[in-house]
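In what follows, a single structure is set out as C-alpha cells and then discussed.
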Amino acid sequence: MSLSSEIPIGERQIREAVERLAPWIHKTPVMTSRTLDERAGASVFLKCENLQRVGAFKFRGAMNALLLLDEVAKAKGVVTHSSGNHAQALALAGSLLGIPVTVVMPHTAPAIKQSATAGYGATIRLCEPTLAAREEAVADEVARKGLTLVHPFNDWNVIAGQATVAWELLDQAGPLDAVVVPVGGGGLVSGTALAVKARSPQTLVIGVEPERADDARRSLASGKIEPSGDPRTIADGLRTSLGERPFAVISRNVDRIETAGETEIVDALRFLWERLKIIVEPSSAVVVAPILDRRLSGEGRRIGAVLSGGNVDLGPFFESLASRWL
C-alpha cells in the first residue's frame, strides 16, 4: 500500500480545513517571552490553543469532522467517547451546527467536565471507567440509533482539523527550526507533522509526553503501537494510547519523542502561570519542560511550541485560598 493511500491528508486537505474552519474557530495568538528565550537559549513562539473555543485545540478537529458529514449523518447525530476536552469540543460544535451529540463518559469523570459537556448541549451516557466499556457503549449507540462515530483522535477528518494549529503557527511565527507538541492519542502531533512537513520539510517535529506515559516514545522505537496501560501522571490528558491512524503519520513524519518527569512538568506549569501569566493545563506544560532545560534548543534557534489547552479545575485552588484567608 502506498503512503498516499495510507495517509489521505496532504497540503490540499489542510488548506481546505483552514478555509472551512475560518468562520468557526479563534485564530489563537502566538506569545513570546524574553525570560523564556533566555532560559531556553532560543527564540520560542507559544501557540496559545488554551485560548481556543472550549479552551483547547480539540475544537478544530471536532468542528472539521462535523462540517464534513453528509446531511443524513448530520440529521441522525454523532457519538464519541471522552471525559475531557474532545467531549466539550464536539458538544459545542454540534450545538453550533444543530447536530445531535451523544458523549459516552465514565461515571468517574469529574462533575465539572460532565457539567460543561452537558452545558454545550450534549446527551451524556455514563459507563464504567474502562476502554472496553466506552467502546461497547459507543457501538450500542451506533447500532441502535445510527449515530456516526467521531473518534477523539483516530479519525482523518479530526486529524486534518488539528493540523490547522501548526499551519497557523507557521503563518504567524515565520520559519521555525522545530515545532514541539504534546502527545496523547496522537491527533495533534500527527496533524502537526503533516502540516509542518508539507510546508517546511527541514523543520523538526518533536513530540513530548510524560515519562510515566511514554508509549509514543516506545512505539516509535519498536515500530508498533505500545499500550500506555494506566499511567499515573499529572498530565492526565496524555494518558491515552496512540491510535492507528496517528501512529501511521508519527512513524513517518515525527522526528523524535522527548519525555518530561512529573517535577519538570510542574515546574514548567508554574513558570507559565507565574512568569507568562498563561493559565494552561499540565498536558500543555509538558512541551515547555524540555525547552526550559535546553534539551531542544541551541543558541539562536527558533522553536514553536503548542500550548494545547487550558481547562484546569481551579476549585481546589480557590477552596484553599478561602480556607486560609477568608
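Can you tell me which of 139, 143, 163 is in contact with a helix residue (DSSP H, G or I) (Cβ under 8 Å, 6 or more places away or on another chain) and either crowded, with 16+ Cβ neighbours inside 10 Å or not acidic (Asp, Glu) (or both)? None of the others qualify; the one that does is 163.
I'm trying to understand the selection: among the residues of the stretch 206-219, which are buried (at least 21 other Cβ atoms within 10 Å of the Cβ) and closer than 19 Å to residue 154 by Cβ? Of everything in the stretch 206-219, those that are buried (at least 21 other Cβ atoms within 10 Å of the Cβ) and closer than 19 Å to residue 154 by Cβ turn out to be 207, 209, 213, 215, 216, 219. Among the conditions (1) in a helix (DSSP H, G or I); (2) closer than 26 Å to residue 87 by Cα; (3) among the acidic types (Asp, Glu), the only one that residue 313 does not satisfy is (1). Residues of the stretch 150-205 that are in contact with a Gly (Cβ under 8 Å, 6 or more places away or on another chain) and either of a type in the set (Lys, Arg) or at positive phi (or both): 186 alone. It is to be established whether one or more residues within the stretch 36-53 are over 16 Å from residue 152 (Cα atoms), part of a strand (DSSP E or B) and either of a type in the set (Lys, Arg) or outside the structural domain of residue 180 (by TED's automatic domain parsing) (or both). Within the stretch 36-53, one or more residues are over 16 Å from residue 152 (Cα atoms), part of a strand (DSSP E or B) and either of a type in the set (Lys, Arg) or outside the structural domain of residue 180 (by TED's automatic domain parsing) (or both). Can you tell me which residues in the stretch 127-170 are free of Cβ contacts under 8 Å to residues at least 24 places away in the same chain and of a type in the set (Lys, Arg)? Of everything in the stretch 127-170, just one residue is free of Cβ contacts under 8 Å to residues at least 24 places away in the same chain and of a type in the set (Lys, Arg), namely 144. Among the conditions (1) touching a residue at least 24 places away in the same chain (Cβ under 8 Å); (2) surrounded by fewer than 18 Cβ atoms within 10 Å (Cβ to Cβ); (3) farther than 23 Å from residue 284 by Cβ, the only one that residue 122 does not satisfy is (2).
Considered as a group, the residues in the stretch 7-40 that are closer than 30 Å to residue 112 by Cβ and either of a type in the set (S, T, N, Q) or modelled with pLDDT under 95 (or both) include one that is surrounded by the most Cβ atoms within 10 Å (Cβ to Cβ), and that residue is 28.
Helices (runs of 4 or more DSSP H) fully within the stretch 63-133 that include at least 3 residues being modelled with pLDDT of 95 or more: 71-76, 85-97.
Remark: residue 275 matches the filter, which requires a residue to be over 26 Å from residue 163 (Cβ atoms) and not acidic (Asp, Glu).
When residue 80 is tested against (1) surrounded by fewer than 21 Cβ atoms within 10 Å (Cβ to Cβ); (2) of a type in the set (Val, Ile, Thr); (3) out of contact with any Phe, Trp or Tyr (no Cβ under 6 Å at 6 or more places or on another chain); (4) within 27 Å of residue 253 (Cβ to Cβ), exactly one condition is not met: (1).
The residues in the stretch 107-148 that are under 20 Å from the mean Cα position of the chain (by Cα) and either closer than 12 Å to residue 83 by Cβ or in the same structural domain as residue 242 (by TED's automatic domain parsing) (or both) can be counted, and the count is 9. Annotation note: Cβ proximity below 8 Å between a residue of the stretch 180-205 that is assigned to a loop (DSSP other than H, G, I, E, B) and a residue that is buried (at least 24 other Cβ atoms within 10 Å of the Cβ) and hydroxyl-bearing (Ser, Thr, Tyr) (sequence gap 6+ or interchain) occurs for 184/283.
None of 43, 95 is surrounded by fewer than 16 Cβ atoms within 10 Å (Cβ to Cβ) and either among the aromatic types (Phe, Trp, Tyr) or touching a residue at least 24 places away in the same chain (Cβ under 8 Å) (or both) except 95. Contact annotation: residue pairs with Cβ atoms under 7 Å, 6 or more positions apart or on different chains, pairing a residue in the stretch 238-267 that is under 20 Å from residue 292 (Cβ atoms) with a partner that is part of a loop (DSSP other than H, G, I, E, B) and of a type in the set (D, E, K, R), are 258/295; 259/214.
Restricting attention to the stretch 214-268, the residues being of a type in the set (Lys, Arg), in contact with a strand residue (DSSP E or B) (Cβ under 8 Å, 6 or more places away or on another chain) and part of a helix (DSSP H, G or I) number 1.
The values are calculated or read from the model by the stated rules, or taken from the named source; none is laboratory data. On a predicted model such as this, the values are computed, not experimentally measured, just so you know. Virtual Cβ from ideal backbone geometry, glycine too; neighbours counted across all protein chains shown.
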